[in-house]
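Asker: The structure that follows is given in the form of structure tokens.
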Amino acid sequence: MSGTDDLDDEIIGEFLIESHENLDQLDRDLVALEQAPDSRELLASVFRTIHTIKGTSGFLAYHKLESITHVGENLLAKLRDGALSMTPEIATALLRLVDLVRSLLASIEQTRAEGELDVEPLAAVLRALLEPPAAAEAPVVETPTVESPAIEPAAAEAPVAPAELLPAAVEQPELEATRSSIGESTVRVDVNLLEHLVRLTGELVLARNQIVQRSAVAADEDLGRASHQLSLVTGELQEGVMRTRMQPVDHLWSKLPRVVRDLSAQLGRSVRLEMEGGDTELDRTLLEAVKDPLTHLVRNAIDHGIEPPEARRRAGKPETGVLRLRASHESGQVLLEVIDDGVGLHGPTLAAKAVEKGLVSAARVETMSVQDQLQLVFIPGFSTAAAVTNVSGRGVGMDVVRTNVERIGGSIDVESTPGKGTCWRLRIPLTLAIVPAVTVECRGQRFALPQISLLELVSLEAERASTAVEWVGDAPVYRLRGALLPLVRLDAVLGLEQRTDQPDAQVVAVLEGDGRRFGLIVDRVLDTEEIVVKPLSRALKEIGLYAGATILGDGAVSLVLDVAGLARRQLHAPDGQDELATEQAGGQVAAGPERQLLVVAIGGGRRLAMPLEVVTRLEQFPVSSLQRVGRRDVVRYRGEILPLLRLSDHLSELSSASSGTVPGVVYSARGRSVALVVDEIVDIVGEGSVVYSDVEDYGLVGSALINDKVTEMLDVRSAILAADPRYFDDEPATEAFPLEVR
Amino acid sequence: MGLLLATFDLGTFRCAVVAADVQEVLMAQPRTPVPGAADCVDGLINLRGQVVPTLDLRARMGLPAESGVAGMSVVVRWRDEVWSLLVDRIGDVIEVDESDFEPPPLTLAGPLRQLIVGAYKLPDRLLLMLDVAQLLAVGGEPALR
């Protein structure tokens, strides 16, 4: 692995900075200790410092440093435990220890090696100081008298030690010149001070925005120039201050090789860790926030992703699995990827599991693409671990990972090829302090939408607005490139006065929050702005719709919408168990979600109903796109050839449709789709309003009275089979296609 | 040494908060409404770059809204939060004697009971001592859809 040296260098650098600081503290503590020889607190502090240096030097294989601090630590342990008491001799020896450690560190900083210094003389002195009480076995009370003779050998050896140390002392001035280059070119700054600077810079950015906006209309050339200059300098300042909070992702990754090594040893895996883009920088608070999610993903990849060597061999893969961590910048965000070449995730298996656990309905899963099925792992309560191991499957699942990532305004998704591997993708904003946002207007009020959750803006022109928004029951939807996008009216959510007149034009902001996608209808989009998100007081945060507030360019306060909160509030849980869902369905408190039926018309004036939940899309097919292949009807649809069934033919009626396009109901599952062509899409009704009867016929499963009209219940399964006999071939045996109405 | 109180008028009431809690007093500022918040939350103001919510004390205390009164803002710092309290008129800062304090009368009911800790008997009138913690305990409207 390249970059190991750099990594080591960095660790040593940190060790040096830390140790220099510790030694300064040690000097002070030792001196204070002479004044207050009995202070346990001081002794404990000194002990800790020496212990830390010993530990790290052992880790970095600096053996001299380790051995001398080890002896010192023993002496300090005795002092701390009261077996010895502080004497000037001991204090002197300890201070010499500090000096020696300093010399060793200086040498390490210069040459990355401990050099020629001999630590043995001082070690002997320290050991001699250790001996007496043990030899005399004297009661502690007598320690002073017992100790005094013991000082003799120490004192005798003492002159030797400085002589031995002399080379170091001589070298000292030379070292001094370049010494602490690390210590001096970097300054440790209190994080709070940094945060304060960042906050102030944020204020400055806002003030700048206001001045720039005003000077633009002031028509004062000098003011314009000055404000331009202010703008530039503020921008640079902002960038600089932000960089003080930036840390390379390496910081986060540096602990992972160890995690990977230990885990793969424990689980009997052979794993090679590869890291790319470790110099990608990220705000330190965000870095801290993604630490746990990332570690979890890495553990998960080893535990559930990469197979044991023999399994890999059987699968024709190299025995050593590869776990890749990748960091990069992508459109103003940091992209963190955790990629393994293990078993991968199998969408249908995940889907089956989610159904088994009652997390989603079987019907819903049917309509999901494999990609969507994979995202099921993020649902709370889902864990793929077959057995609870102490590595993962401890109840902290992917839902926690997602929650943590979304809390900092990030997002996560997963992609996988069964047998080939899995790629977890985290998108993290660069910084939280200043975020790009879009300001929108709704009923004369302005709101800010963080750009990170904004996918696109769709404009609804006046003439289109009334037709572009369609209704499924009482839920407005919009067809975005063929898929139905649930719509949320911002004015309705906020309880703002609803407009009665037809708005000129509106905008749908396509947002993603809480793992779900929806469109937010606003009156218009105003601007993009860099905003500083300011926290709201508790009472206002509780409303759950606002992430904070900000001050806009003109000095006015604007609320920042909480997209995830909006999604949670307005979109019902996929399984429909959301209480809000039943509340809002016109006060009907039902035990379960009400199923909806799609009512269509076919030839002969007959009406058919089918469960809406298994319908993937409703489409209008141009008659010209309908063709025949052999004895089957097909339709050209999005570059595919879709098997097609004319329901009128299927049920022996003559179709009366003859216009340019015909409506079709599309079903998709497991990558196969079929279309059922009808004469007309009539309505969508709640199942509650249906009166059933058991009058049946070929291709039907019953009939019912819907809105006072006799409506036949289509046997969807046989209709689909008539269009595509192989549609259900891949269906898992355990799962029946849920098409029965009752 | 008595306690220093900042006083202000609300309708016929003269009310007070501890002067040490008051950060400053302002003319009423332009406010950005917060849809979904309780009715008495009367928007956000920009106080030198800080976003400060405004509490309409009349609404909070169940008094009818008074038109034509421009109002003043008493900016209080409470725990970590800063709020602006909208009042009719600002009074003096006065020093009161603990011995003049009485708890709310037992006959007092309604929203006011929750919001005052008691009253100081001033020579000419009663001074209602507001309970800032209670005043600021305004949740969002649960009925919001």
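The values are calculated or read from the model by the stated rules, or taken from the named source; none is laboratory data. What you are looking at is a predicted structure, and each value in this text was computed from that prediction instead of being measured. Cβ placement follows ideal geometry from the backbone for every residue including glycine, while neighbour counts extend to all protein chains displayed.
Asker: Scan region B:10-49 residue by residue and report those that are polar (S, T, N, Q) and more than 10 Å from chain A (Cβ to nearest Cβ).
Answerer: B:THR12, B:GLN23
Matching residues to (1) away from every other protein chain (no Cβ under 14 Å); (2) surrounded by fewer than 17 Cβ atoms within 10 Å (Cβ to Cβ); (3) at pLDDT 90 or above:
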position: A:VAL438; (1), (2), (3): yes, no, yes
position: A:ARG443; (1), (2), (3): no, yes, no
position: A:ALA448; (1), (2), (3): no, no, yes
position: A:ILE452; (1), (2), (3): yes, no, no
position: A:LEU455; (1), (2), (3): yes, yes, no
position: A:GLU461; (1), (2), (3): yes, yes, no
position: A:TRP471; (1), (2), (3): yes, yes, no
position: A:ARG481; (1), (2), (3): yes, yes, no
position: A:ASP491; (1), (2), (3): no, no, no
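Here is a yes/no grid of residues against (1) closer than 30 Å to B:GLU98 by Cα; (2) surrounded by 15 or more Cβ atoms within 10 Å (Cβ to Cβ):
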position	(1), (2)
B:ASP9	yes, yes
B:PHE13	yes, yes
B:MET27	no, no
B:VAL34	no, yes
B:LEU47	no, yes
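Asker: Please verify whether B:PRO123 is in contact with a Gly (Cβ under 9 Å, 6 or more places away or on another chain) and either among the charged types (D, E, K, R) or within 19 Å of B:THR7 (Cβ to Cβ) (or both), treating the condition exactly as stated.
Answerer: no
Asker: Kindly provide the set of residues from region B:50-70 that are away from chain A (no Cβ under 14 Å) and acidic (Asp, Glu), ordered by number.
Answerer: Residue satisfying the conditions is B:GLU66 alone.
Asker: Restricting to region A:597-629, what's the tally of residues that are polar (S, T, N, Q), out of contact with any Ser or Thr (no Cβ under 8 Å at 6 or more places or on another chain) and crowded, with 19+ Cβ neighbours inside 10 Å?
Answerer: Total satisfying the criteria: 0.
Asker: Residues B:VAL93, B:VAL82: which one is within 14 Å of another protein chain (Cβ to nearest Cβ) and either closer than 30 Å to A:GLY444 by Cβ or part of a strand (DSSP E or B) (or both)?
Answerer: Details: B:VAL93 fails: within 14 Å of another protein chain (Cβ to nearest Cβ).
On inspection, the qualifying residue turns out to be B:VAL82.
Asker: What about A:GLY316, is it of a type in the set (Gly, Ala, Ser) and modelled with pLDDT of 85 or more?
Answerer: Taking the combined requirement at face value, the residue satisfies it.
Asker: Anything in region B:37-80 that is acidic (Asp, Glu) and more than 25 Å from A:GLN210 (Cβ to Cβ)? List them, or say none.
Answerer: To start, the set of residues in region B:37-80 that are acidic (Asp, Glu) comprises B:39, B:42, B:56, B:66, B:80.
Across region B:37-80, the qualifying residues are B:ASP39, B:ASP56, B:GLU66, B:ASP80.
Asker: Looking only at residues that are among the hydroxyl-bearing types (Ser, Thr, Tyr), within 14 Å of A:LEU97 (Cβ to Cβ) and surrounded by 19 or more Cβ atoms within 10 Å (Cβ to Cβ) in region A:20-72, which one is modelled with the highest pLDDT?
Answerer: A:THR69
Asker: In region A:76-106, how many are farther than 15 Å from A:ALA124 by Cα, among the polar types (S, T, N, Q) and part of a helix (DSSP H, G or I)?
Answerer: Final tally of qualifying residues: 1.
Asker: Going by what's in this entry, would A:ALA61 be described as assigned by TED's automatic domain parsing to the domain that holds A:ALA106, within 41 Å of the chain's Cα centre (by Cα) and not in a helix (DSSP H, G or I)?
Answerer: In short, yes.
Asker: Condition first: within 14 Å of chain A (Cβ to nearest Cβ) and either in a helix (DSSP H, G or I) or in contact with an Asp or Glu (Cβ under 7 Å, 6 or more places away or on another chain) (or both). Can you find one or more residues in region B:105-127 that meet it?
Answerer: no
Asker: Checking B:ALA137 against (1) among the aliphatic types (A, V, I, L, M); (2) in contact (Cβ under 8 Å) with a residue 24 or more places away in the chain; (3) within 27 Å of A:LEU494 (Cα to Cα), which single condition isn't satisfied?
Answerer: (2)
Asker: Of all residues in region A:533-556, which are touching a helix residue (DSSP H, G or I) at 6+ places or on another chain (Cβ under 7 Å) and more than 9 Å from every other protein chain (Cβ to nearest Cβ)?
Answerer: Within region A:533-556, A:GLY553, A:ASP554 qualify.
Asker: Filtering region B:115-130 down to residues that are touching a Pro at 6+ places or on another chain (Cβ under 8 Å) and among the aliphatic types (A, V, I, L, M), which residue is surrounded by the fewest Cβ atoms within 10 Å (Cβ to Cβ)?
Answerer: The residue in question is B:VAL117.
Asker: Taking the options B:GLY43, B:GLY36, B:GLY71, name whichever one is over 29 Å from A:ILE531 (Cα atoms) and either touching a residue at least 12 places away in the same chain (Cβ under 8 Å) or within 17 Å of the chain's Cα centre (by Cα) (or both).
Answerer: Sole residue among the options that is over 29 Å from A:ILE531 (Cα atoms) and either touching a residue at least 12 places away in the same chain (Cβ under 8 Å) or within 17 Å of the chain's Cα centre (by Cα) (or both): B:GLY71.
Asker: Which one is nearest to A:LEU376 (Cα to Cα) among residues in region A:401-435 that are in a strand (DSSP E or B) and of a type in the set (Asp, Glu)?
Answerer: Only one residue tops the list, namely A:ASP413.
Asker: Same structure, new question: Tell me which residues, restricted to region A:265-302, are touching a Leu at 6+ places or on another chain (Cβ under 6 Å) and more than 19 Å from A:ARG402 (Cβ to Cβ).
Answerer: Result: A:VAL271, A:LEU273, A:MET275, A:ILE302.
Asker: Do you know which of the residues in region A:181-194 that are in a helix (DSSP H, G or I) and either at pLDDT below 80 or within 14 Å of another protein chain (Cβ to nearest Cβ) (or both) is farthest from A:ASP554 (Cα to Cα)?
Answerer: Only one residue tops the list, namely A:SER181.
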